[in-house]
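Student: Sharing a structure below in structure tokens format, with a few things to ask.
The values are calculated or read from the model by the stated rules, or taken from the named source; none is laboratory data. Predicted, not measured: the structure shown is a model, and the values here were computed from it. Note: ideal-geometry Cβ built from the backbone for every residue, glycine included; neighbour counts use all protein chains shown.
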Amino acid sequence: MKKLLQSLFILLFIATSAIAQDRTITGTVTAQEDGLPLPGVSVRIKGASNSGVSTNAAGKFSIKVSADAKVLIFSSVGYSMREIAIRGSVVNASLETDSKSLSEVVVTALGQKREAKSLGYAATTVKNSDLTAGRSTNVVNALAGKVAGVKILSTGGATGASSNINIRQATTFTGSNQPLWVLDGIPIDNGGGDQSVNTGSTNSNRGIDLNQDDIESVTILKGPAAAVLYGSRAVAGAVIVTTKKGSKGQAGRVELSSNYNYIEVNRLPDYQNEYSQGTNGVYDPFSQMSWGAKITGQALPNYLGNLETLTAYPDNVKDIFKGGYNLQNNVTFSGGTEKTAYYFNYGNFKESGYIDNNTLAKNNFTVNASTQLSKNLTISSSIQYIHNNSVGTPVGNARSNPLFDGMTLPRTYNLANYPFETAAGLNNIPTSRVPNAGYTYYNILGTDNPLWSIKYVLYKQKIDRAIGNVGLDYKIADWLSANYKIGIDQYTNVSKTINEKSSNNNQSASRAGSIIDNTTNRREVSSYFNLVANKRFLKDFGARFLLGNEINYRRTDQLQVTGNGIQAAHNYNISNTLTYVPLQTIREQSLVGVYADISLDYKSFAYLSFTGRRDVSSTFAPDKRSYFYPKIDASFIATEAFPELKQNDILTYLKIRANYAKVGREAPIYSTGTYFGTAGPSDGFGPNLIFPFNGVNGQTFSNAAGNINIKPEFTASREVGLEAKLLKDRLSIDIAYYSTKSTDIIFSVPSAPSSGFSSTLLNAGTLKAHGIELLISGTPIKSTNFNWDLSVNFTKGRNEVVELAPGVPFIGNGGFTNPQGRIVTGYQYGTLFGQVFKKLNGKDVVDANGRLSSGQINTTELQPIGDPNPKWTGGVNTTFSYKGLSLSLFADIRYGGDIYSRTITDLRRYGVAAETGNRDRLYMHNAVYADGTPNNTLITAEQYYGDLYSSAAQEYAVFDGSWIRLREATLSYRIPGKLLNKLSFIKGINVGLTGRNLLMYAPNFPHLDPENNLLGVGNGQGIEYNGQPQTRTYGGFLKLSF
Amino acid sequence: MKINIKKIVFGLALAMTGLSSCKKFVDINDDPTRLKDPDASLVLPAAQGRLGFTMGSDIHRFTALWVQQFAAQGGGSAQPTQYDKYAVGEADINNTWEATFAGTLADLQKVIEKTKATSPKYAGVAELVKAYVYQTHVDAFGDLPYSEAIGYEANLKPKFDGSSAIYDNVFALIDEGIADIKKASLLAPATDDLFYGGDMDKWERFGNALKLRMYIHYFSTNGTAADATKAKTGITAILAANKLLRANTDNFQMKFLSSANQTNPIHQFEGSRPNQFFPSKTLVDIMNAKTDSRRNSFFTLQGNTYVGATNGNGDVVVSTAFSRMSTYLRGKLSAGVYSGEAPIRMLTFAEQNQVLAEYFARTNGGNDLTTADIYYKAGITASFASAIEFSDGTEATAVTGGLATYLASTNGTLATGNALQKIIEEKFVSNFGVAIEPWTDWRRTGFPVLSPVSPATAIPRILPYSFNERSYNPNTPARPSVFVKSVFWDK
């Protein structure tokens, strides 16, 4: 620290004097697109060291130049930089909008705007038009496939479904691999997207609260080097969200926008429609199977005891999914005066999913304003208020999940034909195989009627959230400024889980029903103080120095009451229950960081930057809580160092970059000790015991041991990259190779339960990752009226689990006892393990009856059955524009990545899938008998599919999840200005059509869209478990500006 | 320029001051909502509650299916049908294993550590509960970590001790426990003792009854003379001390409540997994053959009769046309709904009587059939009394009305030749709902006579070790097969 301060002062004193200035140039800058004046454009003299001037509200500027000045440089975010030679005293400029312009100036960590060429690390910016192109409800989905190195995996098609975002592979075992989210310089929470496997409804990641229409751009800081200034919390990278602002001097502007999309399931299974409910070729009205009699119009008694003519219902599953919609409206006011700028937006969003009672309604209010208080002091503030109100139905491995067997309804069973509730509005599920007119569903195994649980088993959530910050910018001198920003992200999440009386799930013991009322308050306060010095010296050298301090405080207060045993049905007041389990948690943590960054450049073509940061985190014991980590990065612009490279007009820009960084990661909160907690014995079948019991409370010692000696985990990363622009910037290429290595990984190392602990928190384990990223973009056709832009990105990344802890062969990272995602030395991160059949010379071993019966399953050790990590992913984005008309298509490609599908297991085992309909022939397992002789026993289709897709052995239920999909399509038309002349109050009209997930091709994945993830935002992937299928949406939009 | 520098220095000084006072700001890593050292009165109920729950959960299902008190139904995807075919895998054991070791035993250890010096009545109760846990779990798993178990961070890989050695340790532990509960104690368990409400006299009686149960295990089909001598010596001493369970009110059991999520776990399972767990044909047929009137409260009628489900074919022959368990295991029946408050019984007065009956019936034991018959009848009487605990008037009359006939018949009277079979079958009936022990009785006596389910040719004699234990503890012994005799008394 001392040394850093010293260097600061040395820097301060080597200031050089200003250059003499002796004449004045004036001019006007306009936008080429519409000819309107452009305020806020930076105008500077080429080769000069000072920062120049900006254009005013009328687009006018006035700059003093020295006699030897020859060229002015005009630059503005969103427009191509232009150099214009000085001839006379007036220089007018017309700037062209630049689709790639945001790569020129990048918002990096801590809101520092940096020239892209100076960066020695990878940062990619996605601008608003790309975020709103295919209209996704969750802003995370809008990033899918667009940024090399960033993997997005949506949980499913439910309204409000979370979406997993992973940048450059996993870097830790059980901690979060989700990046830090920063909104206008202040960290915000994107938590909440985890899914429990056996209970609950769709959980949204809190990023869903943001309004995409409010966002100017999203910059992805990939990995530790880019994000090091954000410290410990940005090891997994950072997502920097910048909201729209008004511009100083811009005339007041009103914009209205509206879009509407229709939502439907994008792929439903193919069913057989020849055979009835039942087993062994016999109709059975209580069976969940469709291995019954051939449907010939025979009349048989159903589960209600009524005679029924057997009929196939090809659309019985499809009918569960009604079409949904979403509708978003925005009204925006923005503008500014000479000294102030303001932006106000009100956004209203409503979505109703394809299943009833899956809704999301959002109201977003945003106010961004800044004003120049004095010559040197600017104050700015941005504030958002969000109200998010959602309702969902159960998901996952719960019998009240409407799709638990809703996707596999017996082919002769039509939900609409029977009552789904009793007169009292309850479930009445068969308790025996004796038909009874009072039953509300056929299923003898206790599954709730899907229509009933859709109507009554609900999860309701209300979020009230405020995100705001105030910043002060003080220009101490031309070359020195100080800024301070303090911000808060605060929300209250009030939820009610209703497990209606008579529902069957783990939260409704003995179908008594339960209500869970939960209030969670989360608050995060961050404060940043930065000092920035910028100086050129010794003619060719530039230096930039940043010294700063971050103070971060996070607190979550949760108060929850679970009321078990609903008394009067349909009354969801918590006091209408019998026993109560209260829960209170307080989670409080803080972090103080001090950082310094020195960037040096030589003639603006060679850059070298050093960063150091020291964090003090509350999550460690006092002697371990302070830790330091460094970063170094360099960039070299060959085309500027050797201008001769540009001579032949092939190469216009060539940059090489490299970096090394190391970042420490915090420990889980309160893990330095081992605590007691309220006892709650349970088993995996639902039964449980709650305390207080009979008037006494029970405290049990945690099975997971904390550790006072835990110290920070470190992730070191290396990266090299190359950026090139060719053919007069018509083609650009960006290639990166990175590798990371995490050591001293903090995780709960499993231990033998006989020690009293089933896990102990340790610093153990090493995880490596490496990958390449490629982005090629270009403009194959460029003419006055017609443009064709094309960009392709490619990502390939792999992990290597080097070691766990001594004596620990694996740890689980999500799923069930089997199948289970595991982290195992030598395997890919999260490899799926499951039960397989016994093998002999690589072939399955059948029993004496030629069956792969339960005794033929190798139950001793789970075997690897799939790797959920895609081998590579890619995106192709293409835009055709002709005058005001533009068509954008975005294709998303994923190659590899295995998925265990429980739905497909059930479709085949239950005999409802189309391929199970061929029952006129016999089948034979491709297997051997125990003695090694080939199996030659013929079995029925029912036996065949029942064996291979039994839920006990998963090896044949794993499918390659490769896909190509038309993720987004947008056709838009900007009505030309001259047509609008008659409507002088309207400045612009933009109309269009959008679609999302319009086409999907998954050659190796039957029946469903493979993009489905039981575990949500958790680290585990590759398990689909009766999930809500993906959606296809299409609609239109209209934007008006006044 | 000068002024600016001053400002910077001032600003930096401020920032530095902020840093030095940040110690308080970051000293917040102590969870304000959880306890690190709660009183024993809060920990003992957690241990007891978990034990009571566990003994009606997985380990009851596994052992009750294998010994054919219950049979599984519901098709191949219902896990119990797999257990019923002896396919209990290591992973199936994880839950019960962790609950017992990292839950019950870990909590008992905390109670003992905290109270041994000043409040030994707590420590003594915890020791007696621990003794019960080890007795039952040695019978179920054979060798277990004992001497090095529950060492927390100090020993994450405890060694396994031999089952016979653990039995010896448990005898000593019972003595230690009984000694502790008699000591002066600063604090003493009261309502926080979910089993005996702080009645130390009952705890002592239970300790002795537990010893009796353990000693009787030394009598096994191929038991040695030394085994018999050890048992005989032990039982003689216990009888001399004459401090045993006196009535059903002394039963070692966990009472449950009728409120949601506080009902007994056997009852809860019936609610969450209906039609998967039925009384076995083996048990029902034994009782049918004796026209046992306890059937009124044990089972529901199927048609006009009692029908048990056949073990081992619930995965293919799916049906619900069987008798189900009734008030004895599920609590009071009112308007078709069971209250769920029936206890999980763990060691009953009826069992104690049958243990003594067996001891006296054995020629290498008490060798006194007359005394054996007295205990036999007392055991039957106790079981009948227990059977009406949750019966309404009609049901109680129906059960009790059959007792006199039953006692007077050959079913209620021991005779030379088949005394052991009668005693163990009687125990098999009265221990309906008791985990592990009926299976132990079958393993050491071969009664009741059971047929393995198809296609197996034998009935399992041991549970597999937990997958997690085996994976993370290299000291875990290899376990070749569940069909191999593995507990020291299983000869």
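Student: Is it the case, given these coordinates, that B:Glu176 is among the acidic types (Asp, Glu), over 21 Å from the mean Cα position of the chain (by Cα) and within 14 Å of chain A (Cβ to nearest Cβ)?
Tutor: It is false that B:Glu176 is among the acidic types (Asp, Glu), over 21 Å from the mean Cα position of the chain (by Cα) and within 14 Å of chain A (Cβ to nearest Cβ).
Student: Just wondering, is there one or more residues in segment B:288-301 that are within 14 Å of chain A (Cβ to nearest Cβ) and among the aromatic types (Phe, Trp, Tyr)? Before the answer, list the steps.
Tutor: So in segment B:288-301, the residues within 14 Å of chain A (Cβ to nearest Cβ) come out as B:300-301.
Subset that is among the aromatic types (Phe, Trp, Tyr): none.
No, the conditions are met nowhere in segment B:288-301.
Student: Which count do you get for residues in segment A:806-824 that are away from chain B (no Cβ under 13 Å) and either under 16 Å from A:Gln954 (Cβ atoms) or of a type in the set (S, T, N, Q) (or both)?
Tutor: Residues in segment A:806-824 being away from chain B (no Cβ under 13 Å) and either under 16 Å from A:Gln954 (Cβ atoms) or of a type in the set (S, T, N, Q) (or both): 3 in total.
Student: Continuing with the same structure: If A:Thr831 passes every condition in (1) crowded, with 21+ Cβ neighbours inside 10 Å; (2) β-branched (Val, Ile, Thr); (3) within 14 Å of chain B (Cβ to nearest Cβ) but one, which one does it miss?
Tutor: Exception for A:Thr831: condition (3).
Student: Could you tell me which numbered condition B:Thr63 fails, if it satisfies all but one of (1) part of a loop (DSSP other than H, G, I, E, B); (2) closer than 29 Å to B:Lys255 by Cα; (3) more than 7 Å from every other protein chain (Cβ to nearest Cβ)?
Tutor: The number of the failed condition is (1).
Student: Among the helices (runs of 4 or more DSSP H) contained in segment B:233-306, which hold 1 or more residues that are acidic (Asp, Glu), at pLDDT 95 or above and farther than 18 Å from B:Gly56 by Cα?
Tutor: Filter on segment B:233-306 gives B:281-289.
Student: For the list (1) more than 14 Å from every other protein chain (Cβ to nearest Cβ); (2) free of Cβ contacts under 8 Å to residues at least 60 places away in the same chain, I need the number of the one condition that B:Pro455 fails.
Tutor: (1)
Student: How about segment A:297-338: which of its residues are closer than 19 Å to A:Phe420 by Cα, within 28 Å of the chain's Cα centre (by Cα) and of a type outside the set (D, E, K, R)?
Tutor: If the condition is that a residue be closer than 19 Å to A:Phe420 by Cα, within 28 Å of the chain's Cα centre (by Cα) and of a type outside the set (D, E, K, R), then A:Ile320, A:Phe321 are the ones that fit.
Student: Also: For segment A:512-540: of the residues being farther than 30 Å from A:Ile467 by Cα and buried (at least 23 other Cβ atoms within 10 Å of the Cβ), which is modelled with the lowest pLDDT? Step through it out loud before you land on a result.
Tutor: The first filter runs over segment A:512-540 and keeps only residues farther than 30 Å from A:Ile467 by Cα, leaving A:512-515, A:534-540.
Next cut, buried (at least 23 other Cβ atoms within 10 Å of the Cβ) only: A:512-515.
Values: A:Ala512: 87, A:Gly513: 92, A:Ser514: 93, A:Ile515: 96.
Of everything passing the filter in segment A:512-540, A:Ala512 is modelled with the lowest pLDDT.
Student: Still on this model: Can you tell me which residue among A:Tyr230, A:Tyr271 is aromatic (Phe, Trp, Tyr), within 30 Å of A:Tyr627 (Cα to Cα) and buried (at least 22 other Cβ atoms within 10 Å of the Cβ)? Give the steps one after another, and end with the answer.
Tutor: Values: A:Tyr271 fails: within 30 Å of A:Tyr627 (Cα to Cα).
Every option except A:Tyr230 fails the conditions.
Student: Out of the residues in segment A:682-697 that are more than 15 Å from B:Leu51 (Cα to Cα) and part of a loop (DSSP other than H, G, I, E, B), state the one that is farthest from the other protein chains (Cβ to nearest Cβ).
Tutor: My answer is A:Pro692.
Student: Oh, and also: Mind telling me which of the residues B:Thr400, B:Thr440, B:Thr416, B:Thr476 ends up being at negative phi, part of a loop (DSSP other than H, G, I, E, B) and more than 14 Å from chain A (Cβ to nearest Cβ)?
Tutor: The conditions single out B:Thr416.
Student: Please verify whether A:Ala251 is in a helix (DSSP H, G or I), assigned by TED's automatic domain parsing to the domain that holds A:Ala769 and among the small types (Gly, Ala, Ser), treating the condition exactly as stated.
Tutor: Here the answer is no, as A:Ala251 does not meet what is asked.
Student: Can you pull out every residue in segment B:177-201 that is crowded, with 18+ Cβ neighbours inside 10 Å and within 24 Å of B:Val138 (Cβ to Cβ)?
Tutor: Those that are crowded, with 18+ Cβ neighbours inside 10 Å and within 24 Å of B:Val138 (Cβ to Cβ): B:Gly177, B:Ile178, B:Asp180, B:Ile181, B:Leu194, B:Phe195, B:Tyr196.
Student: In segment A:546-588, which residues are facing chain B (nearest Cβ under 8 Å), more than 30 Å from A:Gly686 (Cβ to Cβ) and small (Gly, Ala, Ser)?
Tutor: Within segment A:546-588, none qualify.
Student: When you scan segment A:629-644, do you find a residue that is in contact with a helix residue (DSSP H, G or I) (Cβ under 9 Å, 6 or more places away or on another chain) and assigned to a loop (DSSP other than H, G, I, E, B), even just one? Full working, then the answer.
Tutor: Applying the first criterion (in contact with a helix residue (DSSP H, G or I) (Cβ under 9 Å, 6 or more places away or on another chain)) to segment A:629-644 yields A:629-633, A:635, A:637-640.
Checking the rest, the ones that are also assigned to a loop (DSSP other than H, G, I, E, B) come to none.
No.
Student: A further question follows. Restricting segment A:768-801 to residues that are of a type in the set (A, V, I, L, M, F, W, C) and in contact (Cβ under 8 Å) with a residue 60 or more places away in the chain, which is nearest to A:Ser732 (Cα to Cα)? Before you say what the answer is, go through the steps one by one.
Tutor: Residues of segment A:768-801 that are of a type in the set (A, V, I, L, M, F, W, C), as a first pass: A:769, A:772, A:774-776, A:781, A:786, A:788, A:790, A:792, A:794, A:801.
Now restrict to residues that are in contact (Cβ under 8 Å) with a residue 60 or more places away in the chain: A:769, A:774-775, A:786, A:788, A:790, A:792, A:794.
Values: A:Ala769: 27, A:Leu774: 11, A:Leu775: 8, A:Phe786: 20, A:Trp788: 14, A:Leu790: 11, A:Val792: 11, A:Phe794: 14 Å.
For segment A:768-801, the residue satisfying everything is A:Leu775.
Student: Turning to a different aspect of this structure: So if I check each of B:Leu156, B:Leu144, which one is within 9 Å of another protein chain (Cβ to nearest Cβ) and modelled with pLDDT under 95?
Tutor: Details: B:Leu144 fails: modelled with pLDDT under 95.
Exactly one residue qualifies, and that residue is B:Leu156.
Student: Which of the residues belonging to segment B:116-141 are within 14 Å of chain A (Cβ to nearest Cβ) and farther than 18 Å from B:Glu204 by Cα?
Tutor: B:His137, B:Val138, B:Phe141
Student: Could you list, in sequence order, the residues of segment B:247-271 that are surrounded by fewer than 23 Cβ atoms within 10 Å (Cβ to Cβ) and facing another protein chain (nearest Cβ under 7 Å)?
Tutor: B:Leu257, B:Ser259, B:Gly271 - these are the residues of segment B:247-271 that are surrounded by fewer than 23 Cβ atoms within 10 Å (Cβ to Cβ) and facing another protein chain (nearest Cβ under 7 Å).
Student: Restricting attention to strands (runs of 3 or more DSSP E) lying wholly within segment A:104-155, give those where 3 or more residues are touching an Asp or Glu at 6+ places or on another chain (Cβ under 6 Å) and at pLDDT below 85.
Tutor: Fully inside segment A:104-155 and qualifying: nothing.
Student: With (1) away from every other protein chain (no Cβ under 14 Å); (2) under 30 Å from B:Lys243 (Cβ atoms); (3) out of contact with any Pro (no Cβ under 7 Å at 6 or more places or on another chain); (4) in contact (Cβ under 8 Å) with a residue 40 or more places away in the chain as the list, and B:Lys183 as the residue in question, which single condition is left unmet?
Tutor: The failed condition is (3).
Student: Say we look at segment A:416-446 and pick out the residues that are within 13 Å of chain B (Cβ to nearest Cβ) and polar (S, T, N, Q); which of these is surrounded by the fewest Cβ atoms within 10 Å (Cβ to Cβ)?
Tutor: So the residue we want is A:Asn436.
Student: In this structure, is A:Asp557 touching a helix residue (DSSP H, G or I) at 6+ places or on another chain (Cβ under 8 Å), acidic (Asp, Glu) and assigned to a strand (DSSP E or B)?
Tutor: Working: touching a helix residue (DSSP H, G or I) at 6+ places or on another chain (Cβ under 8 Å): no; acidic (Asp, Glu): yes; assigned to a strand (DSSP E or B): yes.
Spelling it out, it is not the case that A:Asp557 is touching a helix residue (DSSP H, G or I) at 6+ places or on another chain (Cβ under 8 Å), acidic (Asp, Glu) and assigned to a strand (DSSP E or B).
Student: For segment A:735-749, indicate whether the set of residues that are facing chain B (nearest Cβ under 10 Å) and surrounded by 22 or more Cβ atoms within 10 Å (Cβ to Cβ) is non-empty.
Tutor: yes
Student: Same structure, new question: Take the residues in segment B:174-230 that are of a type in the set (Ser, Thr, Tyr) and in contact with an Asp or Glu (Cβ under 7 Å, 6 or more places away or on another chain), then tell me which one is modelled with the highest pLDDT. Give the derivation first.
Tutor: Keep residues of segment B:174-230 that are of a type in the set (Ser, Thr, Tyr), which gives B:185, B:191, B:196, B:215, B:218, B:220-221, B:224, B:229.
Okay, now just the ones that are also in contact with an Asp or Glu (Cβ under 7 Å, 6 or more places away or on another chain), so B:218, B:220.
On the way: B:Tyr218: 97, B:Ser220: 94.
So the residue we want is B:Tyr218.
Student: Within 12 Å of chain B (Cβ to nearest Cβ), in contact with a Phe, Trp or Tyr (Cβ under 7 Å, 6 or more places away or on another chain) and within 30 Å of A:Arg657 (Cβ to Cβ): which single residue out of A:Asp633, A:Asp601, A:Asp615 fits that description?
Tutor: After applying the criteria, what remains is A:Asp615.
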